[in-house]
Amino acid sequence: MHMDRTIGGCGCDSIAATGDLTSVDDALACALQQVTELTGTDRVSLDDAMGRITAQPLVAPAALPLFDNSAMDGFAFRRSDLDGRCCLPVAGTVAAGDAPRDLPPGTALRIFTGAPLPTSADTVVMIEACIDKGTKVHIETAPARGANMRLKGSDQAEGQTIIATRTRVAPHHIGLLAANGVTHVEVVRRPRVAVFSTGDELGHGPLGPGQIPDANRPMLRALLRQAGADICDLGVLPDDMKTTARALGALNDRFDLIVTTGAVSMGGKDHIQAALVAAGGTVKGWRVALKPGKPVLFGTLERAAFTGLPGNPFAVHVGFHLFLSAQLARLTGRTPRPFASVPAIAGFDWSRKTGRAEVFPVRRLGYDDMGRPVLERLGNSVSATLLPLTAADGLAMVAADCANVTNGAPLTWHPFCQAEAGDA
Ligand code: AMP
Ligand code: MG
């Protein structure tokens with residue numbers, strides 16, 4: 001038997017169970033122990049790079065700007081030619097896209113933003129400080145030497161690292177790479193994740209008596225896809241140990257992570273744990289001091305990490321943000337973003353039963369006078385519904401020993417908006 005857990009305990013060395021439940025921190029450490037950084041990479045075009053993780057530092061192939069150019073529409077000239085005068089003859093025009101032109105001594109060239117500077121020019125005056133008289137220009141306010149020029153290499157040097165390794169590619173990275181003439185980028189391969197739901201109650205099409213639709217798989221697919229995973233949807237499995245064990249056994253080491261929902265509790269139909277073991281897997285941790293999501297199970301099946309989430313759809317959502325997103329981060333070589341670590345203030349009073357950390361949806365009501373978000377608690381502690389999340393800006397978590405939250409007290413939360421969370 002490949003089972004190194006005890007019911008209510010866990011096989012991870014790092015785990016110290018609190019009562020018969022594992023603390024959230026230890027459970028997260030256990031989840032992370034089951035995954036290691038992927039080594040494979042893909043070479044993708046910029047169009048396909050959005051959201052991918054860079055596999056190496058990206059180095060500037062050239063200095064930028066590529067050549068000295070004008071920062072303004074105006075006139076380019078030699079500053080010394082203006083000493084004692086305020087008018088210069090105009091020798092011509094140079095626009096963006098033109099080849100660099102010569103500047104005859106004692107003259108000015110009409111120049112547009114981005115146009116290459118004539119080699120001997122050392123100053124640009126903006127059009128607003130001149131009177132353009134066609135064949136000559138009257139310069140009302142003489143700028144300092146070097147004004148309004150963008151010099152070659154002043155933005156970045158050739159060979160400089162412009163995007164660090166293990167960066168999630170955002171639109172501005174794509175713009176920067178394009179500005180550097182880069183067309184393809186080496187990224188970490190997508191984590192391969194298998195997903196299935198369990199439950200005889202899950203129907204599709206017209207529902208029979210006692211049936212409900214599968215909410216978890218579509219939500220998990222969306223969450224995993226958003227996090228950059230390559231998903232294999234294995235559908236719904238019945239509440240039958242042998243069928244589930246056969247399905248797990250047929251995965252043939254093709255995945256980095258296997259995610260299931262339901263059947264990890266202690267009821268008579270909760271066969272995931274036994275099925276994992278029967279398929280040759282190992283259970284590393286089970287049961288977390290967490291609400292919702294107490295029966296979460298961590299393990300391995302051949303090379304893959306195995307994360308069994310409970311069936312309650314809100315627990316699945318929490319399990320993704322708390323455990324799966326950290327596992328995906330580690331797989332792609334990134335430091336997991338700590339869950340619910342952004343400071344905020346409670347905008348509500350709440351008394352609760354201690355013993356388990358609790359995660360709940362929150363809405364930002366506004367900001368206090370120190371700029372901290374003030375949060376309203378949404379939903380209640382018993383329901384599995386996802387409905388409160390539609391009004392939520394994120395999730396908040398209170399510690400297992402927290403009995404009361406008072407209006408104005410500090411609280412930490414997990415904004416859904418990554419920018420707000422300070423996530424790169
Ligand atoms: P379980 O963890 O399998 O005992 O399921 C706990 C609760 O979640 C039960 O009410 C299930 O009917 C429900 N549930 C399980 N899986 C799903 C699913 N995929 N979609 C919606 N509800 C589910
Ligand atoms: Mg079930």
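Of all residues in the stretch 237-252, those satisfying the criterion of being aliphatic (A, V, I, L, M), under 15 Å from Val264 (Cα atoms) and within 16 Å of ligand 1 (Cβ to nearest atom) are Leu237, Met241.
The condition of being at negative phi and small (Gly, Ala, Ser) holds for only one of Gly228, Gly203, that being Gly203. The set of residues from the stretch 179-219 being within 18 Å of Leu309 (Cα to Cα) and either in contact with a Ser or Thr (Cβ under 7 Å, 6 or more places away or on another chain) or small (Gly, Ala, Ser) (or both) comprises Ala194, Phe196, Ser197, Thr198, Gly199, Asp214, Ala215, Asn216, Arg217.
In this structure, Asp233 does not satisfy being of a type in the set (D, E, K, R), modelled with pLDDT of 95 or more and in contact with a Gly (Cβ under 8 Å, 6 or more places away or on another chain).
All of Asp393, Asp369 fail the test of being within 30 Å of His173 (Cα to Cα) and acidic (Asp, Glu), apart from Asp393.
Yes or no, residue by residue, for (1) more than 16 Å from ligand 2 (Cβ to nearest atom); (2) more than 30 Å from Ser325 (Cβ to Cβ); (3) not assigned by TED's automatic domain parsing to the domain that holds Met241:
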| residue | (1), (2), (3) |
| --- | --- |
| Gly146 | yes, yes, yes |
| Glu158 | yes, yes, yes |
| Ile174 | yes, no, yes |
| Ala178 | yes, no, yes |
| Gly181 | yes, yes, yes |
| His184 | yes, no, yes |
| Phe196 | no, no, no |
| Glu201 | no, no, no |
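Restricting to the stretch 183-226, and then to whatever is surrounded by fewer than 20 Cβ atoms within 10 Å (Cβ to Cβ) and closer than 24 Å to Pro57 by Cα, can you tell me which residue is modelled with the lowest pLDDT? Checked the stretch 183-226; the qualifying residue modelled with the lowest pLDDT is Gln226.
Residue-level analysis places Ala274 outside the set of residues that are more than 12 Å from ligand 1 (Cβ to nearest atom), of a type in the set (Gly, Ala, Ser) and under 29 Å from Thr41 (Cα atoms).
For the stretch 249-282, a residue qualifies if it is among the aliphatic types (A, V, I, L, M), farther than 19 Å from Leu322 by Cα and under 29 Å from the mean Cα position of the chain (by Cα), and exactly one does: Leu251. For Ala305, indicate whether it is of a type in the set (A, V, I, L, M, F, W, C) and crowded, with 22+ Cβ neighbours inside 10 Å. Answer is yes for this residue.
Working carefully through the options Gly280, Gly311, Gly293, find the one that is small (Gly, Ala, Ser), assigned to a loop (DSSP other than H, G, I, E, B) and in contact with a Pro (Cβ under 8 Å, 6 or more places away or on another chain). Write out each step before concluding.
Working: Gly280 fails: in contact with a Pro (Cβ under 8 Å, 6 or more places away or on another chain); Gly311 fails: in contact with a Pro (Cβ under 8 Å, 6 or more places away or on another chain).
After applying the criteria, what remains is Gly293.
Looking only at residues in the stretch 42-52 that are surrounded by 15 or more Cβ atoms within 10 Å (Cβ to Cβ) and out of contact with any helix residue (DSSP H, G or I) (no Cβ under 9 Å at 6 or more places or on another chain), which one is farthest from Ala340 (Cα to Cα)? Ranking the candidates gives Val44 first.
Kindly indicate which of Ala304, Ala263 is touching a strand residue (DSSP E or B) at 6+ places or on another chain (Cβ under 8 Å), near ligand 1 (Cβ under 10 Å from one of its atoms) and of a type outside the set (Val, Ile, Thr).
Details: Ala304 fails: near ligand 1 (Cβ under 10 Å from one of its atoms).
From the options Ala304, Ala263, the qualifying one is Ala263.
Let me spell it out: the conditions are (1) touching an Asp or Glu at 6+ places or on another chain (Cβ under 9 Å); (2) more than 16 Å from ligand 2 (Cβ to nearest atom), and Pro295 meets all of them except one. Which number is the exception? Unmet for Pro295, out of (1) touching an Asp or Glu at 6+ places or on another chain (Cβ under 9 Å); (2) more than 16 Å from ligand 2 (Cβ to nearest atom): (2).
For every residue, the table says whether it meets (1) crowded, with 20+ Cβ neighbours inside 10 Å; (2) more than 30 Å from Ile53 (Cα to Cα).
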position: Ala229; (1), (2): yes, no
position: Asp240; (1), (2): no, yes
position: Ala245; (1), (2): yes, yes
position: Asp253; (1), (2): no, no
position: Ser265; (1), (2): no, yes
position: Lys269; (1), (2): no, yes
position: Ala274; (1), (2): no, yes
position: Lys284; (1), (2): yes, no
position: Ala289; (1), (2): yes, yes
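Within the stretch 252-282, take every residue that is aliphatic (A, V, I, L, M) and closer than 30 Å to Pro361 by Cβ and give me the one that is farthest from ligand 2 (Cβ to nearest atom). Within the stretch 252-282, the match that is farthest from ligand 2 (Cβ to nearest atom) is Leu257. Looking at Pro336, Pro295, Pro313, just one residue is without any contact (Cβ under 8 Å) to a residue 60 or more places away in the chain and either within 16 Å of ligand 1 (Cβ to nearest atom) or closer than 30 Å to Gly40 by Cβ (or both), and that residue is Pro295. Within the stretch 95-113, if we keep just the residues that are within 18 Å of Gly146 (Cβ to Cβ) and within 46 Å of the chain's Cα centre (by Cα), the residue that is modelled with the lowest pLDDT turns out to be Pro100.
Given the structure, is Val59 within 28 Å of the chain's Cα centre (by Cα) and among the hydrophobic types (A, V, I, L, M, F, W, C)?
Taking the combined requirement at face value, the residue satisfies it.
Checked against the criteria, Thr183 counts as hydroxyl-bearing (Ser, Thr, Tyr), within 31 Å of the chain's Cα centre (by Cα) and within 30 Å of Gly159 (Cβ to Cβ). Just name the residue that is farthest from Leu375 (Cα to Cα) out of those in the stretch 334-362 that are among the small types (Gly, Ala, Ser) and buried (at least 18 other Cβ atoms within 10 Å of the Cβ). Taking the candidates together, the pick is Ala357.
The values are calculated or read from the model by the stated rules, or taken from the named source; none is laboratory data. Bear in mind that the values here come from a model prediction, so they are computed numbers and not experimental data. FYI the Cβ positions are ideal-geometry reconstructions off the backbone, even for glycines, and counts take in every protein chain you see.
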